[in-house]
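Peer 1: Sharing a structure here in C-alpha cells format.
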Amino acid sequence: MEIAASYSTASESELLSRLVPEYLIEDPQTCRFWQRGINDTYRVCCTDDIYSLRLYRHGLRSREDIDFEIAALNYLSKRGAKVARPIARRNGEYVSQVYLPEGLRYAVVTTHALGSEPDYDDVENGRLFGASVAELHHLSDGFETEHVRSRLEVDYLLDESLNIIKPFLNNKKDDLTYLEETANELRRAVNSVAIESLDVGFCHGDCHGCNVHESEGLLTHFDFDCCGFGFRVFELATFKWGIFGDDNQSELWSSFLDGYRSEREIGDEDFSLIDTFVVIRHIWWMALIMGNARDFGHRATSDEFIVRQLGKVRKLMQAR
C-alpha cells in the first residue's frame, strides 16, 4: 500500500546535486543533515567556506513569512549587524521551492554563524548577549517592508496560543479555567500600559540565548524563523524565560540587563512588563510544541507534559 507522509527528510545527496548549485556559493563539497528543529537544517561545506541550508517544514511558514525574514536579514546585514545573512540564488532570488512527499517546502541558504553557543555558566556571556540583542534592535530601527508577518503582540503570542492549547484541555476543566484566568490577568497587565510608551519594532522572536554563536568575543545571530514586528520587551523576557531555574539565574539576568543597557535604554514601562511576558512566552512555547504534535510527537500533548508545563506557568506567575 502507499501511505502519504506528513514530514519527510530530504536526501543530502539530492540537495547537494540539485538544489545547492542554484545558489551563489563556490565549490560545494558536502551537504549534511545537521539538525531537526522547527525546520530542518543542513550544513553545506565548500572548499573555503561553510553555509547553512534551511528546509522549512511543509505548511509551517508562508512564502510571505519567509520573504519578510529575508528582507529583515538583508537590511540588518547591510547595516553591519552580525547575522547569518541570506545567500542569493543565481537568478537573484533567495527562496527555493522543493517538493517532497508531503508537498511544497521552501528552502533558503545563509552564511554559517561561526563559533559555538556561548557558555552561560560564565555570566559575562550574558552581558555580551544582552549587548548584542540591543545592537540588533538599534540597527533594525529603520527596517520597513511590504511583507507582512504576525505581530509579536498579545493577539498572536497569547490569544492564538490559547486557541491551540484549549482543545488539549477539553477533559481538564480546572486546568483550562486556570489557564484562561491567567491569560486574562496577563492581558490586563499589558493593557494597563500605553502602547505608545513601549519599544516597538523588529524582533528576532526567539532570543533565548542559544540562537547565537560566539567566536573571538563576537556574537552572530541566526535562526530568525520567529521574527516579526512587535514588543521588544518580549525579546528581553525570552532570555529571562530561557534561564529560569538555572543556578546562576539572578547573576546572569543582571549581566544581560547590564549588557543591553550599555547599548540601549529600557523604558520603565517595558521593564515593568518583563515578567508578564516571561509567562506569555511560556504559553506561546507550549502552543508551539502542542500545535506541532503531528510532527514532533503526541507525547507533547500527554497528561504528564501538560501537568509539568502548567506547573511551570504557576511558578512563573508566582515569580512576577
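Peer 1: Please specify each residue of segment 257-294 satisfying the condition of being part of a helix (DSSP H, G or I), among the acidic types (Asp, Glu) and either out of contact with any Ser or Thr (no Cβ under 6 Å at 6 or more places or on another chain) or buried (at least 17 other Cβ atoms within 10 Å of the Cβ) (or both). Don't jump to the end; show me each part of the working.
Peer 2: Step one: filter segment 257-294 for residues part of a helix (DSSP H, G or I), giving 257-261, 268-272, 274-291, 293-294.
Retained after the next criterion (residues that are among the acidic types (Asp, Glu)): 258, 268-270, 275.
258, 268, 270, 275, listed by residue number.
Peer 1: Within segment 17-27, can you find the residues that are out of contact with any Asp or Glu (no Cβ under 9 Å at 6 or more places or on another chain) and surrounded by fewer than 19 Cβ atoms within 10 Å (Cβ to Cβ)? First the steps, then the outcome.
Peer 2: First, pick out the residues of segment 17-27 that are out of contact with any Asp or Glu (no Cβ under 9 Å at 6 or more places or on another chain): 17-24.
Hits for segment 17-27 are 17, 18, 21, 22, 24.
Peer 1: Within the set of pairs 6+ apart or on separate chains, which have a first residue in segment 260-279 that is farther than 23 Å from residue 139 by Cβ and among the polar types (S, T, N, Q), a second that is modelled with pLDDT of 95 or more and in a loop (DSSP other than H, G, I, E, B), and C-beta atoms under 8 Å apart?
Peer 2: Between residues of segment 260-279 that are farther than 23 Å from residue 139 by Cβ and among the polar types (S, T, N, Q) and residues that are modelled with pLDDT of 95 or more and in a loop (DSSP other than H, G, I, E, B), the close pairs are 272/193.
Peer 1: Another question about this same structure. In the list 117, 93, 64, which residue meets the criterion of being closer than 18 Å to residue 229 by Cα, out of contact with any helix residue (DSSP H, G or I) (no Cβ under 9 Å at 6 or more places or on another chain) and either at pLDDT 95 or above or not hydrophobic (A, V, I, L, M, F, W, C) (or both)?
Peer 2: After applying the criteria, what remains is 64.
Peer 1: Hey, another quick one. Of all residues in segment 196-241, how many are within 21 Å of residue 257 (Cβ to Cβ), touching a Lys or Arg at 6+ places or on another chain (Cβ under 8 Å), small (Gly, Ala, Ser) and surrounded by 20 or more Cβ atoms within 10 Å (Cβ to Cβ)?
Peer 2: Selection size over segment 196-241: 2.
Peer 1: For segment 225-245, state whether one or more residues are touching a Phe, Trp or Tyr at 6+ places or on another chain (Cβ under 9 Å) and farther than 27 Å from residue 41 by Cβ.
Peer 2: The answer is yes; a qualifying residue exists.
Peer 1: Answer yes or no as to whether residue 169 is more than 22 Å from the chain's Cα centre (by Cα), closer than 18 Å to residue 285 by Cβ, assigned by TED's automatic domain parsing to the domain that holds residue 309 and among the aliphatic types (A, V, I, L, M). First the steps, then the outcome.
Peer 2: Numbers: more than 22 Å from the chain's Cα centre (by Cα): yes; closer than 18 Å to residue 285 by Cβ: yes; assigned by TED's automatic domain parsing to the domain that holds residue 309: yes; among the aliphatic types (A, V, I, L, M): yes.
When the stated conditions are applied, residue 169 passes them.
Peer 1: If I go through segment 107-148 residue by residue, how many of them are closer than 16 Å to residue 79 by Cβ and polar (S, T, N, Q)?
Peer 2: So the answer is 4.
Peer 1: Here's something else I'd like to know. Let me spell it out: the conditions are (1) in contact with a Phe, Trp or Tyr (Cβ under 7 Å, 6 or more places away or on another chain); (2) part of a helix (DSSP H, G or I); (3) surrounded by 19 or more Cβ atoms within 10 Å (Cβ to Cβ), and residue 105 meets all of them except one. Which number is the exception?
Peer 2: Failed condition: (2).
Peer 1: Identify, from the list 171, 211, 184, the residue that is within 30 Å of residue 111 (Cβ to Cβ), free of Cβ contacts under 8 Å to residues at least 24 places away in the same chain and of a type outside the set (Lys, Arg). Write out each step before concluding.
Peer 2: On the way: 171 fails: within 30 Å of residue 111 (Cβ to Cβ); 184 fails: within 30 Å of residue 111 (Cβ to Cβ).
Of the residues listed, the single one that is within 30 Å of residue 111 (Cβ to Cβ), free of Cβ contacts under 8 Å to residues at least 24 places away in the same chain and of a type outside the set (Lys, Arg) is 211.
The values are calculated or read from the model by the stated rules, or taken from the named source; none is laboratory data. Treat the numbers as computed from the prediction; the structure is a model and nothing was measured. In this analysis, Cβ positions are derived from the backbone assuming ideal geometry, glycine residues included, and neighbour counts consider all displayed protein chains.
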